[in-house]
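The values are calculated or read from the model by the stated rules, or taken from the named source; none is laboratory data. Just so you know, these numbers come straight off a predicted model, no measurement behind them. Here the Cβ positions follow ideal geometry from the backbone for every residue, glycine too, while neighbour counts run over all protein chains shown. Accessible surface areas use protein heavy atoms only, side chains included; no ligands, DNA or RNA. Shrake-Rupley method; radii C 1.70, N 1.55, O 1.52, S 1.80 Å.
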Amino acid sequence: MVVSISVVLLLLVLAVVFMRSGALRVSHALVCVLLGFVLASTSVAPTITNGISSTTQLLSGMRP
């Protein structure tokens, strides 16, 4: 568990730094994809899924 948390934090920091630089290259996109895969395998995945589902339901119910 400790290794997955440190990998998630490292990839998250790298993704934030890459996104703030403004230029998304293939290596930067690869880091973002790896972050997604690592997050999907952690215990945080159900919480993220529920949050995204709730947000989409909230947005779909709003009238423009």
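Taking the longest Cα principal axis of the chain as reference, the axis of helix 26-40 is set at about 60 degrees.
By a 1.4 Å probe calculation restricted to protein chains, Leu30 has an accessible surface near 100 Å², given to the nearest 10.
Derived scalar couplings between HN and Hα for the stretch 49-56 equal 4, 5, x, 5, 5, 5, 5, 5 Hz in order, rounded to whole Hz, by the Karplus curve 6.51 cos²θ - 1.76 cosθ + 1.60 (θ = phi - 60°), x for Gly and Pro.
Solvent exposure of the chain amounts to 80 Å² per residue of accessible area, where only protein heavy atoms count and the probe is 1.4 Å. Of the solvent-accessible surface of the chain, computed with a 1.4 Å probe and all protein chains present, 74% belongs to carbon and sulfur.
Quick one: length gained pulling Ala40 to Ala23 fully straight, 0.36 nm per residue minus the C-alpha distance?
Numbers: separation 17, 0.36 × 17 = 6.12 nm, distance 2.54 nm.
Here the answer is 3.6 nm.
Between Val16 and Ser60, the FRET efficiency estimated from the beta carbon spacing at R0 = 25 angstrom works out to 0.30.
Rounded to the nearest 10 degrees, the angle from helix 2-21 to the longest Cα principal axis of the chain is 80 degrees.
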